[in-house]
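Just below is one structure, and these are the notes that go with it.
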Amino acid sequence: MISTENVINQTRKWITDVVVGCNLCPFAAREMSRETVRYKVVEEIAEDLCLQAFLDECLYLDGHPETETCLLIFSRAFPGFMDYLDIVSLAEELIETEGYEGIYQVASFHPDYLFEGAPANDAANYTNRSPYPMLHLLREKSIEIALEYYSGDPEDIPIRNMQFAREKGLIYMKMLRDNCLK
């Protein structure tokens, strides 16, 4: 079993080399340089314990305004993408039922991420293919503020990312992500 420290280091390298390096998220570099990203590794595999860890991170963010965002990394749970989609749906439901709607939102990343309708060998899938299954918990207010200063159309970001990945190609995108696991 890989250590928590290694899981965090691999995830941090993925964010630095892929997310920031390819400018997949134009807002990530700022938070990485400010060191306001929290990495929480969850080793449990039971769904209820993983959901509790998700709620715990919401509570953590409630009490730590200096932490901008949290990556909840499942080092052992949800290896299958379809099972992972279930936890994403449940986490989004918890945002609503626990009164966090409008406060936090969830972004999803998985090693086998597959956009709806996309073939498995589409390089665009690598824009969301992370080293481990993870839920990214973001502060909605911070997103709104960042978008005020963003010169482009935020709706174009996913389209631009998919075009970038397809231009680079499947082999390049896979190599880039896989290098983060070394």
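Hey, rough spin-label estimate for ASP48 and MET82, points 7 angstrom out along Cα→Cβ, what's it come to in nanometres?
So the two model labels end up 2.5 nm from each other.
Fewest first, what order do THR11, THR69, THR36 take by the number of other Cβ atoms within 10 Å?
Ascending Cβ contact count within 10 Å gives the list THR36, THR69, THR11.
What number comes out for the charge environment of THR11, summing +1 per Lys or Arg and -1 per Asp or Glu over other residues with Cβ under 12 Å away?
That works out to +3.
What net charge do the residues around ALA165 carry, taking every other residue with its C-beta under 12 Å from that of ALA165, with Lys and Arg at +1 and Asp and Glu at -1?
+4
What is the magnitude of the charge dipole of segment 4-181 about its Cα centre, with +1 placed on the Cβ of each Lys and Arg, -1 on the Cβ of each Asp and Glu, and no other charges, expressed in debye to the nearest 20?
1000
Take ASP156, project a point 7 Å from its Cα along the Cβ direction, then tell me which residues of segment 11-47 have their backbone nitrogen under 17 Å from it.
23-27
Label segment 35-182 by shape, choosing from rounded, prolate and oblate, from the square roots a ≥ b ≥ c of the eigenvalues of the Cα gyration tensor; if a/c is under 1.5 it is rounded, and otherwise prolate applies when a/b is larger than b/c, oblate when it is not.
Judged from the Cα gyration tensor, segment 35-182 comes out oblate (a/c at least 1.5, b/c at or above a/b).
At R0 = 35 Å, how high is the FRET efficiency between MET1 and GLU93 if r is their beta carbon distance? Nearest 0.05 is fine.
Computed FRET efficiency for MET1 and GLU93: 0.70.
Once the other residues with Cβ under 12 Å from the Cβ of ASP56 are scored (Lys, Arg +1; Asp, Glu -1), what is the net sum?
Taking every other residue near ASP56 into account, the sum is -2.
Coordinate-derived values only; no laboratory data. Keep in mind that what you see is a predicted model, and the values were worked out from it rather than measured. FYI the Cβ positions are ideal-geometry reconstructions off the backbone, even for glycines, and counts take in every protein chain you see.
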